[in-house]
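Take a look at the structure set out below.
The values are calculated or read from the model by the stated rules, or taken from the named source; none is laboratory data. Predicted, not measured: the structure shown is a model, and the values here were computed from it. Here the Cβ is made from the backbone with ideal geometry for all residues, glycine too, and neighbour counts use every protein chain on show. Heads up: the accessible areas ignore ligands, DNA and RNA and are worked out on the full protein's heavy atoms, side chains in. Shrake-Rupley method; radii C 1.70, N 1.55, O 1.52, S 1.80 Å.
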Amino acid sequence: MLQTLVYIGVLPCLTVAMVLAFVRLVRGPDLPDRVAALDLLGALGIAALSAYTLATGYSAYLDVGVVVGLIGFLGTVAFARYIERGV
């Protein structure tokens, strides 16, 4: 039951959200918009990994999600410092 809900409901919604965030990443009018879209893509990737873990029961994907979250946070902080210094 839970696997069907994840496959039919959650994963397609996350895929649509990822496509829309990617469009914002490509078409963003300035650098802060692109950084926010990249951060959103990381968060949506973590959500997709978590949903896939729930559907399959293979818990190694949660470790990958934690690593993606840490790297995404560090990347966002680095971009924020870069933007703060002036482009």
Considering every pair of different Cα atoms, what Kirkwood radius, in Å, is found for segment 2-50? 11.3
Can you list which of the DSSP-assigned H helices in the chain have a Cα extent of 27 Å or more along the long axis and an average Kyte-Doolittle score of at least 1.0? 31-56, 60-85
What value, in deg cm²/dmol to 500, does the helix sum -39500 (n - 2.57) over DSSP H runs of n ≥ 4 give at 222 nm once divided by the residues of the chain? -28500 deg cm²/dmol
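Want the number for Leu31 to Val66: 0.36 nm per residue separation, take away the alpha-carbon distance, what's left?
10.0 nm is the gain from fully extending Leu31 to Val66.
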Listed values (1) 17, 55, 26, 2; (2) 14, 41, 32, 11, 2; (3) 17, 39, 29, 12, 2, 0, entry calculated as P(r) over Cα pairs in 10 Å bins from 0, in percent: (3)
Can you give the FRET efficiency for Ala78 and Cys13, using 1/(1 + (r/R0)^6), R0 = 30 Å, r = Cβ-Cβ distance, to the nearest 0.05? 0.50
Could you state how much accessible area Leu38 has, in square angstrom rounded to the nearest 10, with a 1.4 Å probe and all protein chains kept in place? 80
